[in-house]
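A.B. asks: Below is one structure. I have some questions about it.
Coordinate-derived values only; no laboratory data. Bear in mind that the values here come from a model prediction, so they are computed numbers and not experimental data. Cβ: placed from backbone, ideal geometry, glycine included. Neighbour counts: every protein chain shown.
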Ligand code: NAD
């Protein structure tokens, strides 16, 4: 477990196991110098402790970059995200019970979990955000908080590109909570969605795809390749669809050293967490293809979750996301351009400065033992 340890964390790694219901999960609480760890619960069949650590670290950086009083953490639960709700509720209730006294972690939704899942956790232990409206929540996936942030990051990034949003061809990998809202906001401002993929397949149409029709299809439980007008592709063929803006909004490491050369785009705006490997980002940079790093571009969801935790009202949240994501994207891309460093390096510098400042206030650098810390 200590192979992940460095000067930032992780503070704790907890393995949660209950064979009677086939619960297998890992919690990583990374650096909590800024406050309790805020990061989602992910359900997927192929997660790992290492992925959980990397995602928790991404949350430390994301929360610091967005200047939120939270640290980073993540939970991965091994399982099929499409399992029946009764089964999911049983796993999540057991998980919450097992972590009842792990007060430095606040539950939130991620891939495979939603506000109804969060309601189950609220019912068990209370320490959760991303709740349904009826329980005082701001359902971040329903309102499209992360998609709104991605739209704003894209608009700012376009100042550093040689094309404009109107008429720009957009491809999105992953048509869930993040992907569909990003598509909606971008198309509303004149972009053309030409390709989209989900886990089962993809569709490509250079003339444009109808976002509302795609959303309706998904709501009916169908897959994007069932969209009637366009060329059907295998899911991973979405990587090489020609476009101006390519948005990963699914899984980690989808663009890596082996396939980065297939991308035919001018700008990558990272909607998913850690969707590109370091090697892939360096290759893009060397080729002059701009990218906006994940924890800068996709912070909308956690800004919304933090706002809910601090009882901010819903109308203020979209303004907050816009302000924070735009300002961070501008700072990162400007530093990258003027100092000749990777956008990832510029983003890391911005976040780490904020984490380091908080660590100086703590007796034990990465955590606090103060009562009522949460
Ligand atoms: P989701 O479960 O709602 O949607 C995920 C989508 O990705 C689905 O359409 C699924 O079919 C598709 N997908 C899965 N594997 C795929 C593959 N191999 N190829 C193509 N498509 C695939 O999840 P989400 O909430 O939209 O999150 C997507 C990503 O964005 C995750 O990495 C998540 O951590 C990150 N993220 C989410 C939020 C948020 O607010 N929900 C915030 C920040 C970052």
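A.B. asks: Provide, in order from the shortest bin, the percent of all Cα-Cα pairs of the stretch 187-256 in each 5 Å bin, continuing until the bin that contains the maximum pair distance.
C.D. replies: Histogramming the stretch 187-256 at 5 Å steps yields 3, 17, 28, 27, 17, 7, 1 percent.
A.B. asks: Turning to a different aspect of this structure: How much mean residue ellipticity at 222 nm does the chain get from its helices, if each DSSP H run of length 4 or more adds -39500 (n - 2.57) and you divide by all residues, to the nearest 500 deg cm²/dmol?
C.D. replies: -12000 deg cm²/dmol
A.B. asks: For the chain, modelled as a GNM with alpha-carbon contacts under 10 angstrom, which of 70, 160, 291 fluctuates the most?
C.D. replies: Maximum fluctuation in the GNM of the chain, among the listed residues, is at 160.
A.B. asks: Testing the spin-label approximation: label points 7 Å from Cα along Cα→Cβ at residue 330 and residue 231. State their distance in nm.
C.D. replies: Each label point lies 7 Å from its Cα, and together they span 4.0 nm.
A.B. asks: Continuing with this model, one more query. For the chain, what is the relative contact order in percent, using Cα pairs closer than 8 Å and at least 6 residues apart in sequence?
C.D. replies: Worked out over the chain, it gives 17 percent.
A.B. asks: Same structure again: How high is the FRET efficiency between residue 2 and residue 215 when r is their beta carbon distance and R₀ equals 56 Å, given to the nearest 0.05?
C.D. replies: 0.80
A.B. asks: Against the longest alpha carbon principal axis of the chain, how many degrees, from 0 to 90 and to the nearest 10, is the axis of helix 300-309 turned?
C.D. replies: 30
A.B. asks: Roughly what angle does helix 115-124 make with the longest principal axis of the chain, taking Cα atoms, 0 to 90 degrees, to the nearest 10?
C.D. replies: Its long axis makes an angle of about 0 degrees.
A.B. asks: Under the definition of Cα pairs under 8 Å and six or more residues apart, what whole-number percent is the relative contact order of the stretch 66-215?
C.D. replies: It rounds to 14 percent for the stretch 66-215.
A.B. asks: Figure the gain on full extension for residue 222 and residue 279 (residue separation times 0.36 nm, minus the Cα-Cα span) and round it to one decimal in nm.
C.D. replies: 17.0 nm
A.B. asks: If contacts are Cα pairs under 8 angstrom and at least 6 residues apart, what is the relative contact order of the stretch 265-346 in percent?
C.D. replies: The value is 28 percent.
A.B. asks: Need one number: the % of Cα-Cα pairs in the stretch 259-374 sitting beyond the 24 Å mark. Spell out each step's value before the answer.
C.D. replies: Numbers: 2695 of 6670 pairs.
Of the Cα pairs, 40 percent sit more than 24 Å apart.
A.B. asks: Based only on Cα atoms, what mean projected area does the convex hull of the stretch 324-369 have, in nm²?
C.D. replies: That works out to 3.9 nm².
A.B. asks: Antiparallel DSSP bridges in the chain: what percent, to the nearest 5?
C.D. replies: On the way: 21 of 45 bridges.
Around 45 percent antiparallel, to the nearest 5.
A.B. asks: Would you mind pulling out the separation of the Cα centroids of the stretch 136-174 and the stretch 1-61, in Å?
C.D. replies: Cα centres, the stretch 136-174 to the stretch 1-61: 28 Å.
A.B. asks: Calculate how steeply helix 343-360 sits against the longest principal axis of the alpha-carbon atoms of the chain, using the helix alpha-carbon long axis, and give the answer as 0 to 90 degrees to the nearest 10.
C.D. replies: It works out to around 20 degrees.
A.B. asks: Per residue, what volume in Å³ does the Cα convex hull of the chain take up?
C.D. replies: Each residue corresponds to 132 Å³ of Cα convex hull volume.
A.B. asks: Sticking to Cα atoms, compute the Rg of the stretch 273-341 to one decimal and its Dmax as the biggest Cα-Cα distance, whole number, in Å.
C.D. replies: Rg and Dmax of the stretch 273-341, Cα atoms, are 14.7, 44 Å.
A.B. asks: Another question, if that's okay. Calculate I(q)/I(0) for the stretch 81-215 by the Debye formula, one identical point scatterer on each C-alpha and no solvent, and give its log10 at q = 0.21 Å⁻¹ to two decimals.
C.D. replies: -1.15
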